[in-house]
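Rule-based calculations on the coordinates, nothing more; no lab input. Values in this document were obtained by computation on a predicted structure and should not be read as measured data. So basically every Cβ, Gly included, is an ideal-geometry build from the backbone, and we count neighbours across all protein chains shown.
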Amino acid sequence: MVLLVRHGKTPTTGTILPGRAPDLHLSEEGMAQAEAVADRIAALTGTPLSPPEAVYASPLERTFETARPIARALGLRVRSDRGLLECDFGTWTGQELKSLAKKPEWRQVQQCPSGFRFPDGESFLEMQARMAATLTRLTHLHPGATVVAVSHADPIKVAIAHCAGTHLDLFQRLVVGPCSVSAIAFDHDGGGTPHVLCVNSTAALGDLVVS
């Protein structure tokens with residue numbers, strides 16, 4: 001099973017498209033969110049689910065700062081994985097969302113993202129393929145185990161859409177809030193049909209099972 005965790009809030013959450021720009025850290029609220037999600041994941045110990053045996057994070061500061069309390073609560077270390085990186089927004093990186101929403105391309109980003117590439121950046125299709133390959137690789141590295149993967153909103157949403165068999169053009173209908181957990185179960189060898197157990201969860205995780 002992979003527990004996909006979005007990083008906690010930053011000072012720009014909801015206002016700026018930070019992308020892969022460096023030196024963006026969690027806000028005070030985001031740090032509290034990271035501690036809370038660490039407690040929720042650590043509480044898996046003693047439940048029918050096995051506690052995570054590994055914690056991975058996108059190499060950006062805000063994801064590492066979210067992953068550290070989780071790893072500490074589990075007695076693990078954070079492993080960096082570039083497959084979990086935020087989308088490369090190209091020339092849109094660092095721009096205000098309210099300004100981007102006025103661009104003619106914004107409608108395509110929201111309604112037909114499968115045909116869109118960010119100027120000088122990544123396409124949504126490439127991001128989804130990257131995330132799908134990353135989840136497959138992690139499940140092969142940890143067969144039958146639970147792992148935590150701390151990433152970003154859009155990469156997590158496109159991964160969920162892929163695992164649920166939902167068309168990429170509908171992924172914007174998903175909501176993945178800061179420090180929420182989305183759980184995806186895979187076969188022991190990482191193959192077969194994945195099962196989406198929860199999305200955007202801020203509740204207890206001990207009852208997650210494939211029915």
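Output the Kirkwood hydrodynamic radius of the chain, Cα pairs only, in Å rounded to one decimal.
17.2 Å
Along the Cα→Cβ direction, 7 angstrom out, place labels at Asp23 and Thr166. What is the inter-label distance in nm?
Inter-label distance under the simple model: 3.7 nm.
Any idea which of Leu197, Gly165, Ile41 is furthest toward the positive side of the dipole for the chain, if Lys and Arg beta-carbons carry +1 and Asp and Glu beta-carbons -1?
After comparing all options, I get Gly165.
Given segment 2-201, what percent of its DSSP beta bridges are antiparallel, to the nearest 5?
Taking every DSSP beta bridge within segment 2-201, about 45 percent pair in antiparallel fashion.
Quick one: dipole size for the chain, taken about the Cα centre, charges +1 on Lys/Arg Cβ and -1 on Asp/Glu Cβ, in debye to the nearest 20. Show your work: numbers first, answer last.
Values: 19 positive and 21 negative charges, 41 e Å.
Computed charge dipole of the chain: roughly 200 debye.
How much mean residue ellipticity at 222 nm does the chain get from its helices, if each DSSP H run of length 4 or more adds -39500 (n - 2.57) and you divide by all residues, to the nearest 500 deg cm²/dmol?
Estimated from H runs of four or more residues: -10000 deg cm²/dmol.
List the extent of the Cα atoms of segment 1-104 along each of their three principal axes, largest first, rounded to whole Å.
51, 26, 23
So for Glu86, Glu28, Glu105, fewest C-beta neighbours within 10 Å to most, what's the order?
Details: Glu86 23, Glu28 10, Glu105 13.
Ascending Cβ contact count within 10 Å gives the list Glu28, Glu105, Glu86.
Could you order peptides 167-178, 123-134 by the average number of other Cβ atoms within 10 Å of their residues, highest first?
123-134, 167-178
How much length, in nm to one decimal, is gained on full extension between Leu141 and Gln108, taken as 0.36 nm per residue of separation minus their Cα-Cα distance?
Length gained between Leu141 and Gln108: 8.2 nm.
Hey, can you rank 96-102, 13-19 by average C-beta count inside 10 Å, highest first?
13-19, 96-102
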